[in-house]
Each structure stands twice: as structure tokens, then as C-alpha cells.
Amino acid sequence: MKILVPVDGSPYTKRALAYLAAHDEWLGPQHRYTLLHAIPQVPARAAAVIDRATLKQYYEDEAEKVFKPIRTFFVKAGLDAEYLSKVGHAAETIAAVGEKGQYDLVLMGSHGHGSLGNLVLGSVANKVLAHTKLPVLVIR
């Protein structure tokens, strides 16, 4: 199974990884994992005054901050994973990568605010559900 795991380094990412570790059916060499970090785009006006190399390095550094502890988790579990970072809005990026990559499952953490909190705050998980036809397993 091809599993897309969106990550942002938050406690919600840690919950999703803990869920993976606790459930043998999801964690194992029989699956192919892609860890995706969607990095918010630097506003156009700011990006216009920053040289491309500096901006590229910024995006790479932001991704590495998130991926470093996750790499440790996967190495300890004895699993290989692909690490992918994309610049853009999180929900749209997750849905687009999932659809284009023809993943079998998107496994992601969620804040778990409940209906009222999602109405007021919005939710990346809810937006992913709205933008993709792929199965999404949301860990609260």
C-alpha cells in the first residue's frame, strides 16, 4: 500500500506517527511511505527582495526541521520512506500530491477541535477531505 503521511512537526504529527507505531497493520515494510511537508509560501512582496538561492535554502531548512526527527523514527522502525516538501497551502498541496501520486491512503493527524472549532478555525484535515477522493485516515 502507498501511504501519504502529511507532517508539520506538531504534536498532531507525533500522534499520527505514534498511531503508526502502535498498529502493525499500518507500519511495516509491505507499505511504501511518503512523508509530505507543505511549507507556506513566502509572500510575493517579501520573496521579490530575497534572492532565489536564499529563498530556496529557507524552504529546505524549514522542511529539514520537520523531517529530521521523523527520519529518526523511521530508521528506528527499520523502514524506508520518501521525504517530499512542497511550497503551498497545506490542504491543497496534500490533496494534489495524493491524487497525482495515486496513493492508497492519506494518514494524517488532526487538532480534534470538534465541529464548532472547525467551523471557526478551519481544519486542514477537513479541507483535505473536501479536496480529495482518496481514503483519509485522520488521527486525533
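For the reader, a short list of remarks on this structure follows.
- Percentage relative contact order, the chain, counting C-alpha pairs under 8 Å, at least six apart: 35
- Surrounding net charge for Ala96, when Lys and Arg each add one and Asp and Glu each subtract one, Cβ distance under 14 Å: +2
- Charge-dipole axis of the chain as Lys and Arg at +1 and Asp and Glu at -1 on Cβ define it, positive-most pick from Ala95, Ser110, Leu137: Ser110
- Rounded to the nearest 500, the 222 nm mean residue ellipticity of the chain from helices alone is -15000 deg cm²/dmol, with -39,500 (n - 2.57) taken per DSSP H run of at least 4 residues.
- Highest-first packing order for the peptide set 21-29, 45-53, 59-67 is 59-67, 21-29, 45-53, based on the mean count of other beta carbon atoms within 10 Å.
- Under 5 Å between amide hydrogens, built in the peptide plane, is the criterion, and for Ser85 it picks out His37 among residues at least 5 positions away or on other chains.
- By the Cα gyration tensor, region 2-139 has an equivalent ellipsoid whose semi-axes, rounded to whole angstrom, run 25, 20, 14 from largest to smallest.
- Asp61 versus Asn126: modelled label distance in nm, points set 7 Å from Cα along the beta carbon direction: 3.5
Computed from the coordinates by the stated procedures, all read-outs in this text should not be read as laboratory data. Everything numeric here is computed off the predicted structure, so don't read it as measured data. Here the Cβ is made from the backbone with ideal geometry for all residues, glycine too, and neighbour counts use every protein chain on show.
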